[in-house]
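The values are calculated or read from the model by the stated rules, or taken from the named source; none is laboratory data. Remember, predicted model here, so these are calculated numbers, not experimental data. Virtual Cβ from ideal backbone geometry, glycine too; neighbours counted across all protein chains shown.
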């Protein structure tokens, strides 16, 4: 089974591309969903997080308080590394298991969607990489509309990300999303046809 990573710049349209692929019967694993699953209530992952960070990172119902944990790791690089040491191996194992199930089900190709795939280097685990990109003006306008922020705040968010050119440099296929949905649909179908000619996207 051919494996394809999917990532992109902030507000470039990665999630939209993932949805378009799913609509065309291409299986897409969402790394964010796997990350939530590995620290769900009752999992060894959550137990390990609580052992390291204490009960203050739990909500009253026993679920992980992501905001509380986020405040801790944002303020303490060592704490962030500890969290990554707990979660990353479990996330990668969850993705491997998901891909194995898809392969066992006979899928000729599958996609793994993750925002930080280039930053973590995990894109190297896959046979190919799709990067969804957009011009800075388009990214800024989408961020302002989506998050209700002003232009200066949008610029700060964009500046905090890995430069989009660095992601595109690793791409097997770069999909530029500066136009409308119809243009994006066409670009996705063309890119997928090149990447996985034996696994055509089916509407």
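You will find that of 187, 171, the residue that is touching a strand residue (DSSP E or B) at 6+ places or on another chain (Cβ under 6 Å), on the phi < 0 side of the Ramachandran plot, at pLDDT 90 or above and in a loop (DSSP other than H, G, I, E, B) is 171 and no other. Number of residues in region 29-50 that are farther than 15 Å from residue 92 by Cα and either in contact with a strand residue (DSSP E or B) (Cβ under 9 Å, 6 or more places away or on another chain) or assigned by TED's automatic domain parsing to the domain that holds residue 174 (or both) equals 5.
Sort through 47, 51, 11, 35 and tell me the only one that's over 20 Å from residue 99 (Cβ atoms) and at pLDDT below 95.
So the residue among 47, 51, 11, 35 that is over 20 Å from residue 99 (Cβ atoms) and at pLDDT below 95 is 11.
What about residue 53, is it in contact with a strand residue (DSSP E or B) (Cβ under 7 Å, 6 or more places away or on another chain), crowded, with 19+ Cβ neighbours inside 10 Å and either touching a residue at least 12 places away in the same chain (Cβ under 8 Å) or within 22 Å of residue 7 (Cβ to Cβ) (or both)? In short, no. When region 117-159 is limited to residues that are in contact with a strand residue (DSSP E or B) (Cβ under 6 Å, 6 or more places away or on another chain) and part of a loop (DSSP other than H, G, I, E, B), the one that is nearest to residue 11 (Cα to Cα) turns out to be 126.
In the set 173, 119, 84, only one residue is within 27 Å of residue 46 (Cβ to Cβ) and in contact (Cβ under 8 Å) with a residue 12 or more places away in the chain; that residue is 119.
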